[in-house]
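Heads up, the thing below is written out as structure tokens.
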Amino acid sequence: MRRLLTLSCGLLPLMACAPAPAQPQPADPVVVATPADPAFRAAFAPEGAAWVSGGRACVARAPSYRVSCPGLPLAVDVGWNGGDAWAAIPSLGAVITLDRAAQTVMVGRVVALSNTRAYREDGTAVTYAGAPTRGVIGAPAAAITGGNGQDYALLGGKLVRVGDGVVLESGAGPYLRPTPSGARSADVPGIVSAFGSYRLSNGELQRLDAAGGVVGRVQHGPGRIGLVGGDVVTVSPQGQVRVFGPDLRER
């Protein structure tokens, strides 16, 4: 059964559902990021998908994938930790949960989140409990927790393993992909799982074989992609969530 979820009026109390009058203009309009915009990021976990687009952070939990976008100040990134979806709010110097029990942890001005830690503007990092932990030197463009539980960051065009600072790739691509043994960079969004590799490319969601050949495809616009349990889940900059099985049959 196909599931296509969009941001509904009931879920977005701060957005008008009827056409706004020409005057006055909204004081703080919500900007929808373009697919290549670094303001559009997403994070995935067994619990669901979370994303931020144009500063608005949202979460969709499995199995319903119902979208919720709390009324928070502008966010820059999202991450999953302890079963909770978190958003980084630089103006508050905090990370805040997006649903379930309300939690706020003061961590400073954060530029990137993984599933284990928050990275500040200078590259220093803290856990979701606010405890100092190993970071990087300089502001990472993105960070991710790989399938081995270690963190990886895009830093100055390089892919760095955070735990020991080793540079794994020079001239890294703009996207981070988790793999069962870690993470790697790529030129398009994608994932590498135990049951196959997937990517969003050329207007399609594609499944790849071990040699990188396309063995399955469905039409799909730009977005981000991740694993939620056995589901392959995609999110668009407009907040559309699509859920696929490993064979690319839409649920």
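The values are calculated or read from the model by the stated rules, or taken from the named source; none is laboratory data. In this text, all values refer to a predicted model and were calculated from it rather than measured experimentally. For neighbour counting, all protein chains shown are included, and Cβ atoms are generated from backbone atoms with ideal geometry for every residue, glycine included. These area figures cover heavy atoms from the full protein model, side chains too; ligands, DNA and RNA do not enter into them. Shrake-Rupley method; radii C 1.70, N 1.55, O 1.52, S 1.80 Å.
Remarks
- Neighbours by Cβ (under 9 Å, 6+ apart or cross-chain): first from the stretch 93-113, over 24 Å from V67 (Cα atoms) and among the small types (G, A, S); second at pLDDT 95 or above and assigned to a strand (DSSP E or B): G93/M106; G93/V110; G108/A94; G108/A118; G108/R120; G108/V126
- Qualifying residue in the stretch 24-44 (condition: at pLDDT 95 or above, under 25 Å from G147 (Cβ atoms) and in contact with a Leu (Cβ under 8 Å, 6 or more places away or on another chain)): yes
- Tally, over the stretch 84-126, of residues that are open to solvent by 30 Å² or more (accessible area, probe 1.4 Å) and among the hydrophobic types (A, V, I, L, M, F, W, C): 5
- Looking only at the stretch 61-77, residues that are among the aliphatic types (A, V, I, L, M) and crowded, with 24+ Cβ neighbours inside 10 Å come to 1 in all.
- With respect to being under 19 Å from I144 (Cβ atoms) and in contact with a Lys or Arg (Cβ under 8 Å, 6 or more places away or on another chain), V235 fits the description.
- Residue within the stretch 127-135 that is open to solvent by 30 Å² or more (accessible area, probe 1.4 Å), modelled with pLDDT of 95 or more and of a type in the set (V, I, T) present: yes
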